[in-house]
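As C-alpha cells, the structure follows; a few thoughts come after it.
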Amino acid sequence: MDRNSSPLLSAIIVAHCDSPNLRMALEFQREQTVSQRMELIVVTASGERLNLRQEELEGFWGIKIVETGSNRDAGLVKAAGVAAATAPLVAFIEDHSFPAPDCAQAFINAHYTGNSPSRVRSC
C-alpha cells in the first residue's frame, strides 16, 4: 500500500450488525482491481458488534470504522460516512450488492473522464 498517495475512491457501507452479507460485501470490495486505492468506511452503531477480523480489513488503501451510537436516521448515518471520507469520489455500497472486480475502476474512470458509469456492463 502506497501511503504517500491518496485514495481514489472512498467506499462507504452502513453495517447494522455482524452478518454473512457484510462479510461477502467486504470480500467483493477487496477483490476490486483498485482496492489498494480504495478507502473503506464502515459506519455502524458499534464497531465491536461487527466482530470484524483483521484479515477482512486488509487489502485497502485504508479502513475507517465510524461509530454513530445509533443507526436510526439513515441520512445522518450516511453523512457521518461522507464526513470521514478523504477521496475525491465517494460511493455507497450495500451489503447485498456484489459488483464485478472492475466496477470501482469503472466509476473512477467515469469520474475523471465524465463518462457515465451506467454504460459499463460490469457494474
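The values are calculated or read from the model by the stated rules, or taken from the named source; none is laboratory data. Fair warning: this is a prediction, and the values are worked out from it, not measured in the lab. Reconstructed Cβ throughout: ideal geometry from the backbone, glycine too, with neighbour counts over all protein chains shown.
Does the range 9-25 contain any residue that is surrounded by fewer than 17 Cβ atoms within 10 Å (Cβ to Cβ), modelled with pLDDT of 95 or more and β-branched (V, I, T)? Checked against the condition, which is being surrounded by fewer than 17 Cβ atoms within 10 Å (Cβ to Cβ), modelled with pLDDT of 95 or more and β-branched (V, I, T), the range 9-25 yields no hits at all.
Checking each residue in the range 1-38 for being within 25 Å of G69 (Cβ to Cβ) and either part of a strand (DSSP E or B) or of a type in the set (A, V, I, L, M) (or both) picks out S10, A11, I12, I13, V14, A15, L22, A25, L26.
Exactly one residue out of I65, I41 is buried (at least 19 other Cβ atoms within 10 Å of the Cβ), in contact with a helix residue (DSSP H, G or I) (Cβ under 6 Å, 6 or more places away or on another chain), among the aliphatic types (A, V, I, L, M) and not in a loop (DSSP other than H, G, I, E, B), and it is I41. Name the single residue that is nearest to I65 (Cα to Cα) among those in the range 85-99 being of a type in the set (G, A, S) and crowded, with 17+ Cβ neighbours inside 10 Å. If we take residues in the range 85-99 being of a type in the set (G, A, S) and crowded, with 17+ Cβ neighbours inside 10 Å, then A85 is nearest to I65 (Cα to Cα).
Within the range 51-72, identify whether any single residue is in contact with a Ser or Thr (Cβ under 6 Å, 6 or more places away or on another chain), touching a residue at least 24 places away in the same chain (Cβ under 8 Å) and under 11 Å from V14 (Cβ atoms), and answer yes or no. No, that holds for no residue. Return yes when F107 is assigned to a helix (DSSP H, G or I) and either among the hydrophobic types (A, V, I, L, M, F, W, C) or at pLDDT below 95 (or both) and no when it is not. Taking the combined requirement at face value, the residue satisfies it. Taken over the range 18-39, the criterion of being without any contact (Cβ under 8 Å) to a residue 12 or more places away in the chain and among the hydroxyl-bearing types (S, T, Y) is satisfied by no residue.
Of the residues making up the range 83-104, just one is at pLDDT below 95 and polar (S, T, N, Q), namely S97.
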